[in-house]
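The values are calculated or read from the model by the stated rules, or taken from the named source; none is laboratory data. Small disclaimer: the values here were computed from a predicted structure and weren't measured. Using ideal geometry, Cβ is built from the backbone for each residue, glycine included, and neighbour counts are taken over all protein chains shown. Only protein heavy atoms, including side chains, enter the accessible area calculation; ligands, DNA and RNA are left aside. Shrake-Rupley method; radii C 1.70, N 1.55, O 1.52, S 1.80 Å.
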Amino acid sequence: MSPRITVVGTGYVGTTHAATLAELGFRVLGLDIDEDRVAALSAGRVPFVEPGLDELVARHVATGALRFTTSYREAAAFGDVHFLCVPTPEAADGRAELKPLVGAVEELAPLLTRPVLLVGKSTVPVGTAADLAKRLTDLTGHPGVELAWNPEFLREGTAVADSLRPDRLVFGVSSPAATAALREVYRVQLAAGVPAVVTDPATAELVKLSANTFLATKISFINAVSEVCEAVGADVGAVAAALGHDPRIGGAHLRPGLGFGGGCLPKDLRSFRAQAVDFGLTDTATLLGVVDLINNRARQRLVDLVRAECGGELRGRRVAALGAAFKPDSDDVRDSPALAAAVALHREGAVVTVHDPAAGPTARRAEPRLRHADTVVDACRDADVVVHLTEWRDYGELDPAALAEVVRGRVLVDARTTLDPAPWQEAGWRLRALGRPGPEQREGES
Ligand code: UDX
């Protein structure tokens, strides 16, 4: 018989994991301490934007395959496999905050009365699983209760597809029984040929930190190249495209621009760096610190570029900020480079009006001091500069001629370097982007 599954924590990872397991035929119980969230999910509503997830949750709540609760007692009685998808946000010192995760184990452990498997999915410093396993043994009365680590690699915006068909599975286990249980949970993905790396829990923890840190490093590398391009008048877009054709490098996560943000890459980079410091690995800590530095500098470089386009002074200038989410197809504004850049422009005295196709409400809540508009036209009305901050598909379909009628200055700064310059230039816009020569430099060349 299929194992019954609980998912502790119903954020992006937990809700997606719960819904996709229900889709694969399991009976799933999601647990969260947030009563409002549990009420929304129990009514089939997902309280954040993630394409395709709403439909999946609604469908499986309706069939009864997917349920939600706030009760650890109910979860303990229900589950054969308990996935821990509790957030591990960044603490003030840059380390991962583990209290919610430890708290979840401490709540669940004493209630377990039969052999079950706990599986950590949260991104954690190496050694966390070993500490939690000790705590689990201390708190549970049952000798058959075990802990494994199975990091999650899904991306926001494509979470459902990533979860149904991941690039790989990583099982950090301490026994053949744990491997067998995980093979059962992921039987559909394994049958479809998804590779599984079976290893110990510490290595599994490190895989996740290394993966996110590597992606962050790749993005900062191309943004470092972008800085060089600005110094020498070269074009980072062409450099990135040419690099991407080399299969050893690959074009993914090599898009230059505003840098990385969101709930994962920045905090995982800092958590890994803090661990390197703890282990006395100073060169590794330096490397990761520089990745962070270059990433944050991209936001400042954008402000510098917008200021230059405003004649060296931002005070009183009207800026239309297109995009607030940290990436398209999401309403997540956690550590969003887009919103951070908008705030930095505001701090220098610009009058910034933000638009986002989905993150309007979250951006309003996070940054009430900025102006917010419901339409692109309202955001752009009388703007001196339009800044493209999040590469939503909608922004690629804008009509530059129509927007030219409502702005005060036809200046577009494309911080994501994804807009097709031709239609904007034809409509009389001046285009600028980080790491790309400006019109003056290009004219000088011809
Ligand atoms: C990331 C990892 O990709 C995922 O595997 C892990 O499980 C969670 O963290 P996510 O945070 O959803 O996923 O976003 P991702 O697509 O990695 O983008 C992160 C940030 O980097 C975004 O702000 C994005 O705009 C930026 N980015 C991404 C770039 O600046 N350039 C790129 O080439 C790619």
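Some observations on this one:
- The phi-based Karplus calculation (6.51 cos²θ - 1.76 cosθ + 1.60; θ = phi - 60°) puts the 3J(HN,Hα) values of the range 202-218 at 5, 5, 4, 4, 5, 4, 5, 4, 5, 4, 5, 5, 5, 4, 4, 5, 5 Hz, whole numbers, x for Gly and Pro.
- As a rough guide to protection, the peptides 214-225, 115-126, 43-54 ranked by mean Cβ packing within 10 Å, highest first, stand as 115-126, 214-225, 43-54.
- Spin-label pair residue 281/residue 308, simplified geometry with 7 Å Cα→Cβ offset, distance in nm: 3.7
- For the chain, the fraction of C-alpha pairs more than 44 angstrom apart is 18%.
- In this rough spin-label picture, where each label sits 7 Å from Cα along the Cβ direction, the residue 202-residue 427 distance is 5.8 nm.
- Relative contact order of the chain, pairs being alpha-carbon contacts under 8 Å that are 6 or more residues apart, as %: 12
- A simple packing score, the average count of other Cβ atoms within 10 Å per residue, orders the peptides 81-90, 243-252 as 81-90, 243-252, with the highest score first.
- The range 37-129 shape via C-alpha gyration tensor axes, a/c threshold 1.5: oblate
- Phi-based couplings in Hz for the range 381-397 (Karplus 6.51, -1.76, 1.60; Gly and Pro marked x): 4, 6, 6, 7, 9, 9, 10, 8, 10, 10, 7, 5, 4, 3, 6, x, 9
- Between residue 366 and residue 158, the contour length at 0.36 nm per residue exceeds the Cα-Cα span by 72.5 nm.
- Applying both filters, DSSP loop and at most 13 other Cβ atoms within 10 Å, to the trypsin sites (Lys or Arg not before Pro) of the range 307-339 gives 315.
- With every protein chain in place, the chain: carbon and sulfur % of accessible area (1.4 Å): 55
- The alpha carbon gyration tensor of the range 90-164 gives principal lengths a ≥ b ≥ c with a/c of 1.5 or higher and a/b no greater than b/c, which makes the shape oblate.
- Size descriptors for the range 5-199 (Cα atoms only): Rg and Dmax, in that order, 15.6, 45 Å.
- Rounded to whole Hz, the Karplus (6.51, -1.76, 1.60) HN-Hα couplings of the range 130-140, x for glycine and proline: 5, 4, 5, 4, 5, 4, 4, 4, 5, 9, 9
- Overall form of the range 1-44 per C-alpha gyration tensor (a/c, 1.5; a/b vs b/c): prolate
- Between the range 256-332 and the range 135-171, the C-alpha centres lie 29 angstrom from each other.
- For a straight C-alpha distance cut-off of 30 angstrom, the lysines reachable from residue 327 (same-chain residues fewer than eight places away being disregarded) are 99, 121, 208, 218, 267.
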